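Working notes for the structure below.
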Amino acid sequence: MSCLMAGIYKAYDKKMINPNIAILISGYGKNMEAIIQSSKNNDLKAIIKIVIANKDCMGIHTAKELGFKTLIINRKEMISKNSFEKKLLSILVTNKIDIICLAGFMEILSKEFIKYWDNKILNIHPSLLPLFPGLNTHKRALKLGMSVHGATVHIVTEHIDKGPILSQGVVRVFKTDNEKKLKERVSKIEHILYPKTISEFIKNLNNNQINDIDIEKSKNNEKNIDTLMSINV
Ligand code: GAR
C-alpha cells in the first residue's frame, strides 16, 4: 500500500467546491439511492463519480441503470485484503475522489487505507452509536428493550464504529415492533440523515470546521457536527 500511495495527488488539499464522491456499497443500495437523489435535487452539492461494490449486489445494478460509473472489485476473488485495497485505492485516485461514502459497505478497511483518506471517509451505521456497534443492531436493540433506536453517520477511523459522530437520527421503538418493522423505520431515517449529513460535512469542511478532528477524542465519539434529528416515521 505505502509504495502505491507515495507521492500521489491528494485532491483534498484544496477547497471542496463540488467535491468528487465515491459511494461504496455491498447490498441493496438504498442509502446510495438517497444520496443520488439528493445530488439530483441539487441539495447535495457534490459529484458522484463512481459507485463501487465489493461483490455483485443489487445496488450496483441500480447505479448502472441510473447511468453512473460502476465497478465491482470482488473481494473474494482478490488474493488478499491488501491487493483489494490497492485496487480500490488506485480506482479512487484515478477518479480524483475527495470523499468516500460507505453506504452498507461490509468490508473492514485497514488502518493505512483509512489514514490515507485523512478523515474523508464517512459511514452510516444502523444504531445510535456508541450503542450497538457491529451487526444485528435492530435485533439487539429489541432484545435489550430499548425505547429509542436509530442511525448514526460518523467519520471512519481505524476503530470500528467509533469515529467522530456527525449526526444521529432517532426513532421510537414500539411494543409491537419486530426486527423487520424497526429496520424499516430506521432505514427511512437513514435516507434522510445521510445525504443531509454529507452536505453539511462538505460545507463545514470548506469552512475549516472539521479539519482538525482530534482522533484521540473521537474514541469517545465526541460530536463534531451536531445535527441530531428525531423524525416520527
Ligand atoms: C444500512 O442500514 C446501513 O446502515 C447498514 O447497512 C444497510 C445498507 O442498506 N450499514 C452497516 O451495517 C454498516 N456497519 P442499503 O444497501 O440499502 O443502503
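I'd like to verify a number: residues in the range 140-157 that are within 15 Å of the ligand (Cβ to nearest atom) and either surrounded by fewer than 22 Cβ atoms within 10 Å (Cβ to Cβ) or within 20 Å of L205 (Cα to Cα) (or both), how many?
Residues that pass the stated criteria total 7.
Go through (1) at pLDDT 95 or above; (2) open to solvent by less than 80 Å² (accessible area, probe 1.4 Å); (3) not β-branched (V, I, T) one by one and return the number of the condition K69 breaks.
Checking K69 against (1) at pLDDT 95 or above; (2) open to solvent by less than 80 Å² (accessible area, probe 1.4 Å); (3) not β-branched (V, I, T), the one that fails is (2).
Evaluate the range 17-36: report whether one residue or more is closer than 25 Å to L193 by Cα and at pLDDT below 95.
As a first pass, look at the range 17-36 and keep what is closer than 25 Å to L193 by Cα: 17-36.
Filter again for at pLDDT below 95, leaving 17-18.
Yes.
Any chance you could count how many residues in the range 76-109 are within 15 Å of the ligand (Cβ to nearest atom) and open to solvent by less than 70 Å² (accessible area, probe 1.4 Å)?
At the first step, the residues of the range 76-109 found to be within 15 Å of the ligand (Cβ to nearest atom) are 100-109.
Next, from what is left, pick out any that are open to solvent by less than 70 Å² (accessible area, probe 1.4 Å): 100-105, 107, 109.
Total meeting the criteria: 8.
Residues are listed down the side, and each one gets a yes or a no for (1) within 23 Å of S26 (Cβ to Cβ); (2) touching a Leu at 6+ places or on another chain (Cβ under 9 Å); (3) at pLDDT below 95:
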residue	(1), (2), (3)
H191	yes, no, no
K196	yes, yes, no
S218	no, no, yes
K223	no, yes, yes
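Please go through the range 110-124 and pick out each residue that is within 16 Å of the ligand (Cβ to nearest atom) and either open to solvent by 10 Å² or more (accessible area, probe 1.4 Å) or in a loop (DSSP other than H, G, I, E, B) (or both).
I114, N123, I124
Name the residue, out of I36, I50, that is touching a Leu at 6+ places or on another chain (Cβ under 7 Å), open to solvent by less than 10 Å² (accessible area, probe 1.4 Å), more than 21 Å from L135 (Cβ to Cβ) and within 16 Å of the ligand (Cβ to nearest atom).
I36 is the lone residue from the list that is touching a Leu at 6+ places or on another chain (Cβ under 7 Å), open to solvent by less than 10 Å² (accessible area, probe 1.4 Å), more than 21 Å from L135 (Cβ to Cβ) and within 16 Å of the ligand (Cβ to nearest atom).
The values are calculated or read from the model by the stated rules, or taken from the named source; none is laboratory data. Just so it is clear, the structure is predicted and the values come from calculations on it, not from any experiment. When we count neighbours, we look across all protein chains shown, and the Cβ atoms used for this are built from the backbone with ideal geometry, even at glycine. In case anyone asks, the SASA skips ligands and DNA or RNA and just uses the protein heavy atoms, side chains included. Shrake-Rupley method; radii C 1.70, N 1.55, O 1.52, S 1.80 Å.
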